[in-house]
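Structure, as structure tokens:
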Amino acid sequence: MKKLKIGLDFDGVFSDTGRLKSETAKKLYRVDIPPERFKKELLLADGLITEKQYRTLQRIIYEMVGIGLTMEPVEGVQEFIPKLLEEGHEVIIVTSRDGKGAEIAKRWIKKHSIPWLLFIEVGQRNDKSKHLKGFDIFIDDDLDKLEPAVGIVPHLFLFSWGYNKHVDETEFITRINSWKEFYEIISKIARTSK
Ligand SMILES: [Mg+2]
């Protein structure tokens, strides 16, 4: 079995950030926006909050410890991360978070008893693909972060959520519906690659 180098986005792969955004928007702006609409282009099309309000909301979610730490884990993440590590794969978080946001993510990982993982903190508007050379697998819930990695990472996956249902993944990117499905695909890649 081949040992693989696996890159994982943090928000929307480890933590259910969509749900926290939805709950926080209700408290802050008294608007009812379901998690599956929490993508900037969908929100602006709906007109329920302004771009400025969305930016404020993002700052709160990502940079305020008291709020950020309340994110729920994505189902299966606590079960399958240890399995991948036991099998000898290299598992690295590749996140747009940096500074305070990355610190919160690290605390969150500890809080949920997920084994310590290496973090690559890319920064908000930066290209993740520059950091993905040599990786066998990368998964993200944002298609924009995956597309530049086509041709760099051989196996690319989009973690599927209501808020990314409207995007068309390319033939080079596979949509994944759960951690269980992701784990099974990784196992198959490990068995079949040299
Ligand atoms: Mg994400």
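Scanning the stretch 142-191 for residues that are closer than 16 Å to residue 74 by Cβ, without any contact (Cβ under 8 Å) to a residue 24 or more places away in the chain and of a type outside the set (Asp, Glu) returns 158, 160, 175, 177. Filtering the stretch 88-114 to residues that are in contact with a Lys or Arg (Cβ under 8 Å, 6 or more places away or on another chain) and assigned to a loop (DSSP other than H, G, I, E, B) leaves 88, 89, 96. Applying a threshold of 9 Å to beta carbon distances and a minimum spacing of six or more residues, or different chains, the list of pairs starting in the stretch 125-141 at a residue that is small (Gly, Ala, Ser) and ending at one that is within 15 Å of the ligand (Cβ to nearest atom) reads 129/138; 129/145; 129/146; 129/147; 129/148; 129/149. When 129, 187 are checked against the criterion of being within 16 Å of the ligand (Cβ to nearest atom) and either assigned to a helix (DSSP H, G or I) or touching a Pro at 6+ places or on another chain (Cβ under 9 Å) (or both), a single residue qualifies: 129. Here residue 124 does not fit the description of being modelled with pLDDT under 95, closer than 29 Å to residue 32 by Cβ, out of contact with any helix residue (DSSP H, G or I) (no Cβ under 6 Å at 6 or more places or on another chain) and surrounded by 16 or more Cβ atoms within 10 Å (Cβ to Cβ).
I need the full set of residues from the stretch 158-184 which are assigned to a loop (DSSP other than H, G, I, E, B) and more than 14 Å from the ligand (Cβ to nearest atom), in order please. Passing the criteria: 165, 166, 168, 169, 170, 171, 172, 177, 178. Checked against the criterion of being in contact (Cβ under 8 Å) with a residue 40 or more places away in the chain and touching a Pro at 6+ places or on another chain (Cβ under 9 Å), the candidates 21, 83 yield just one match: 21.
The values are calculated or read from the model by the stated rules, or taken from the named source; none is laboratory data. For clarity, every value in this text was computed on a predicted model and none was experimentally measured. Note: ideal-geometry Cβ built from the backbone for every residue, glycine included; neighbour counts use all protein chains shown.
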